[in-house]
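Report on the structure given below.
The values are calculated or read from the model by the stated rules, or taken from the named source; none is laboratory data. Keep in mind it's a predicted model, so treat the numbers as computed, not measured. Here Cβ is always computed from backbone atoms with ideal geometry, including for glycine, and neighbour counts include all displayed protein chains. Ligands, DNA and RNA are stripped out before the accessible areas are found, and what is left, the full protein with its side chains, is counted by its heavy atoms. Shrake-Rupley method; radii C 1.70, N 1.55, O 1.52, S 1.80 Å.
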Number of protein chains: 2
Amino acid sequence: MKDWVLSLTVVLADGTIIQTRQRARKSSAGYDLTRVFVGSEGTLGLVTEATLKLAVKPPHEVVAVCTFPTLRAAASAVREVASSGIQVAAVEILDEVQMRNINLAALTRLKWKEEPTLFFKFAGSDDFIVKHIAKKVGEITKRNGSSTYTFASDEAERNELWSARKAALWSMLAQRQSPTDKVWTTDVAVPLSRLPDIIELAKADIEKSGLMGSIVGHVGDGNFHTLLLFPEEKRPIAEAVVHRMVDMAIEMKGTATGEHGIGLVKRDYLEKELGKETVDTMRAMKSALDPMCILNCDKVIRMKPAQEQ
Amino acid sequence: MKDWVLSLTVVLADGTIIQTRQRARKSSAGYDLTRVFVGSEGTLGLVTEATLKLAVKPPHEVVAVCTFPTLRAAASAVREVASSGIQVAAVEILDEVQMRNINLAALTRLKWKEEPTLFFKFAGSDDFIVKHIAKKVGEITKRNGSSTYTFASDEAERNELWSARKAALWSMLAQRQSPTDKVWTTDVAVPLSRLPDIIELAKADIEKSGLMGSIVGHVGDGNFHTLLLFPEEKRPIAEAVVHRMVDMAIEMKGTATGEHGIGLVKRDYLEKELGKETVDTMRAMKSALDPMCILNCDKVIRMKPAQEQ
């Protein structure tokens, strides 16, 4: 998403309104303020306008779905596709727990195989090319052990195939036994080469915890999510699962969060991930732009180290 | 280039060494320090290591060269290719002055038509696809008035075709009448929709100035360069051309520099381009990270407004 933001209008802590950039797609004029504010979670300023890059919606699209005997095999297929240089518009992974929930919730018309599943989207300016790419990816998934490869190019069928991905969160919510049950969605990202490892370890850890948890993700860039369902009294168990996942990601030179952001829960990982000096540099930026700490103070970064609070 | 930088090791003004990020391709953990330091021209810290994203070198590549009756027609073809959603690996524009210089300098084996010229590079995982894209682009350039479309897929021919682009700067240097003559290369970028306008205006302005000047650029993102050749006593004329070009770019919601950076010469445009408040925000960041102003002080941003210096 960040890469699509060209320019922002931002209200600073003292009320000053700035525009971070003009509209050219490329600029090396001064510091990249756009990227300073994007993802700063409201701690550096209030974004009131955003200018986005536009892309042409590719006129041709194909969706493919394939199932694998193991989650690791699915993740390995993703890694092989990525390292082959083939351009896919999207690739999503859903584990067998997630596929079972989608069947149980009956949110889609189709009945799904309850196996680790990859969803691919291919898009381009030309029908022939898009189908050609889809076929090439089919060869890679087969080589990685997929037993099925269903693909759809007409719009109704495409939407139907993609519907399972869209239903992931709702199908998990539908499994709540009591209205007070919670679903925790969290995410990490790792270098693509470590994706099969961390997904397998995270899955084993969820199983050991006794909670219902699934794995879902836009895995093409090494990022994935877990969805954990738990009754309030088991929150510490869920928390422990999340924290172990973050620890693993950081150990693999990954990050505590690929997309969701740091917020409150993950802020103490920032130092572990990046080192105290790096967080101090962020703190200096925060102090420079919001010296009174009136903007989401202590989110993302504690302005005083934890032990002093 | 910026988009390929994942992480940096930076020595700060006080000697502290930080790493801006870990290695995952996606992260939303804290402020985007990588992008703070990339392109900061040594004013915020000293970069000592960079971790780059790697991409697979596409196994198939085609180069195409086509000539146009006018520079505007060539720029319009680029705009149409970009808005069609066709992915090109590179597109470069060279005007007829530049093509003539390349012939004169005889730096390449081929003899070129001395007309506004586009150079395209197409690349992909599949030979058939790459050729198919090249053909589609050929249809667009033809529709925009190109009279020739030469393309090469074997490596020797590709390199030969691309050689003209590589020879641009050297062929201009070869036109110096005296060893004290200078070549000034500068760049601006505008929204793609304004590219044909600014290229035409800049070219007319160079002609009016009486200097030899050519237009060269990676126009796919609205960015282009001018190369001006002048004897030292005509420096004010060259300066005036550059300044008028920057003014035009800013008026078209573009930027004083797409790639080259602000440095010293363009720093007083920063306020015109972005407003005083935005430059003040950059100044606050600079002060926070380099309070003694020991790192390239007054480059990019004057730490005191111009009139006070």
Note to self: Given the criterion more than 7 Å from chain A (Cβ to nearest Cβ) and within 16 Å of B:Gly42 (Cβ to Cβ), identify the matching residue among B:Lys276, B:Lys272, B:Lys299.
What the structure shows: B:Lys299
Margin query: Tally up the residues in the range A:142-159 that are buried (at least 16 other Cβ atoms within 10 Å of the Cβ) and either without any contact (Cβ under 8 Å) to a residue 40 or more places away in the chain or assigned to a helix (DSSP H, G or I) (or both), please.
Written below: 1
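Going by the structure shown, is A:Gly15 out of contact with any helix residue (DSSP H, G or I) (no Cβ under 9 Å at 6 or more places or on another chain) and modelled with pLDDT of 95 or more?
Details: out of contact with any helix residue (DSSP H, G or I) (no Cβ under 9 Å at 6 or more places or on another chain): yes; modelled with pLDDT of 95 or more: yes.
Yes; evaluated as a whole, the condition is true for this residue.
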Next item on the list: Just name the residue that is most open to solvent (accessible area, probe 1.4 Å) out of those in the range B:202-258 that are within 14 Å of chain A (Cβ to nearest Cβ) and assigned to a loop (DSSP other than H, G, I, E, B).
Entry: B:Lys253
Next item on the list: Output the residues belonging to the range B:27-41 that are touching a Phe, Trp or Tyr at 6+ places or on another chain (Cβ under 8 Å) and farther than 15 Å from A:Ala189 by Cβ.
Entry: B:Val36, B:Gly39, B:Ser40
Next item on the list: Residues being in contact with a Leu (Cβ under 8 Å, 6 or more places away or on another chain) and of a type in the set (Gly, Ala, Ser): count how many of those fall in the range A:29-46.
Entry: 4
Check: Of all the residues that make up the range B:167-199, how many are open to solvent by 50 Å² or more (accessible area, probe 1.4 Å), in contact with a helix residue (DSSP H, G or I) (Cβ under 9 Å, 6 or more places away or on another chain) and not in a loop (DSSP other than H, G, I, E, B)?
Finding: 5
Next item on the list: Kindly indicate whether B:Ala123 is surrounded by 16 or more Cβ atoms within 10 Å (Cβ to Cβ) and part of a helix (DSSP H, G or I).
Entry: no
Checklist line | Scope the range B:40-65; condition at pLDDT 95 or above, buried (at least 16 other Cβ atoms within 10 Å of the Cβ) and in a loop (DSSP other than H, G, I, E, B); matching residues | finding: B:Ser40, B:Glu41, B:Thr43, B:Leu44, B:Gly45
Next item on the list: Would you confirm whether any residue within the range B:18-31 is in a loop (DSSP other than H, G, I, E, B), under 28 Å from B:Arg267 (Cβ atoms) and either open to solvent by 60 Å² or more (accessible area, probe 1.4 Å) or free of Cβ contacts under 8 Å to residues at least 24 places away in the same chain (or both)?
Entry: yes
Margin query: Looking at A:Ala106, A:Ala74 in this structure, which one is on the phi > 0 side of the Ramachandran plot and either more than 12 Å from chain B (Cβ to nearest Cβ) or buried (at least 17 other Cβ atoms within 10 Å of the Cβ) (or both)?
Written below: A:Ala106
Item checked: Subset of the range B:21-39 [closer than 17 Å to B:Asp3 by Cβ, among the hydrophobic types (A, V, I, L, M, F, W, C) and modelled with pLDDT of 95 or more] -> B:Leu33, B:Val36, B:Phe37, B:Val38
Notebook entry, point to check: Is there a residue in the range B:22-34 that is within 7 Å of another protein chain (Cβ to nearest Cβ) and within 23 Å of the chain's Cα centre (by Cα)?
Noted result: no
Next item on the list: For B:Glu139, state whether it is free of Cβ contacts under 8 Å to residues at least 24 places away in the same chain and either within 14 Å of chain A (Cβ to nearest Cβ) or closer than 21 Å to B:Gly217 by Cα (or both).
Entry: yes
Notebook entry, point to check: Could you count how many residues in the range A:84-120 are under 18 Å from A:Arg165 (Cα atoms) and assigned to a helix (DSSP H, G or I)?
Noted result: 10
Note to self: Anything in the range A:259-275 that is in contact with a Leu (Cβ under 9 Å, 6 or more places away or on another chain) and assigned to a loop (DSSP other than H, G, I, E, B)? List them, or say none.
What the structure shows: A:Ile262
